[in-house]
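The values are calculated or read from the model by the stated rules, or taken from the named source; none is laboratory data. Everything numeric in this text was worked out from a predicted model, so none of it was measured. Don't worry about glycine lacking a Cβ; one is built from the backbone with ideal geometry, like all the others, and counts go over all protein chains shown. Please note that ligands, DNA and RNA were not included when accessible areas were found on the heavy atoms of the full protein model with its side chains. Shrake-Rupley method; radii C 1.70, N 1.55, O 1.52, S 1.80 Å.
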Amino acid sequence: MLDSLLSPSTSPDQALAGLRLWAGVVAEDATAADDLVKVKVPAVDDSQHLHGPCAFTPRGAAFPSVGDPCLVAFDEEGQPWIVAWRGDFDATGATGATGATGATGATGAAGPATIGVIKAADETVNNSNAVQDDNHISLVLPVGSYSIDGLLLITSGGSTAVDFRGVFTLTGGAATFRIGGSPAADTLNSNSGGEGAVWDESATEKTCNISTTAIMGFHLKGQIVVTTQTTLKLRWAQATAGLFDTKVKAGSYLNAVKMN
């Protein structure tokens, strides 16, 4: 077929120019985007004739290899070009641009309306007036406003001399709060005057008189406004260090009820 296209002065490449796209086969491996490779056109060539060298368009990190099918075009000067080729599709191309951010998802379920804790076991302090974290009375509070309700069950270990020292503190985050403590049956009174004690974010310790050796109930009421998630903790000790067991009893509790 090729002989019928050629005149004595016409090259094989010039004979194919401008006629159509030709199905070809890549005859050389390309290893870089600017490599030039030769091709065969089986429809018109014997197995020995090669056209080219030809430029090609790379696909990311993939380049033509020997045996890859291709489409070959010839310009008006008889120069062949690989306009398409099919080869190793397993090669990984360059990472594309990051797509646009998707729409915001639906709002998640609301957190619990009440966050609370019940003291699981008695806790004892003996001969120490340095406050320490209670082992159980601690609440992690997300942003929001809460009402506070609680009860401390306290015993003095057989002596009213050691009294009780307590404070509520914040760990991390930010909040403002007022928590008042009122004794049951006038069994616990604030040394600073008046019944009960009031704590706030200043973390001022309050010492309270113990007037009985029985278990006392100290009722807690208040509110807290959390602007950055925080942990509200009870810290306590003896007001006056003494060789007696002061205890906060199991069953004491603290609740925070969401107000908004």
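Just a few scattered comments:
- Shown are VAL257, VAL39, whose ranking by accessible area with a 1.4 Å probe and every protein chain present, most to least, is VAL257, VAL39.
- Whole-Hz ³J(HN,Hα) from phi, Karplus 6.51 cos²θ - 1.76 cosθ + 1.60, for the range 215-225, glycine and proline x: 5, 10, x, 10, 7, 10, 9, x, 8, 9, 10
- Protein heavy-atom surface of the range 117-164, 1.4 angstrom probe: 51% of the accessible area is carbon and sulfur, with nucleic acids and ligands not counted.
- Counting only heavy atoms of the protein chains and using a 1.4 Å probe, SER138 has close to 40 Å² of accessible surface.
- In range of the label at MET259: residues from the range 115-151 whose backbone nitrogen is under 13 Å from the point 7 Å along Cα→Cβ: 144-149
- Estimated at 0.36 nm per residue, the fully extended path between GLU76 and ALA109 surpasses their Cα-Cα distance by 5.0 nm.
- Excluding same-chain neighbours fewer than eight residues apart, the lysines reachable from LYS258 by a Cα-Cα span under 19 Å are LYS221, LYS233.
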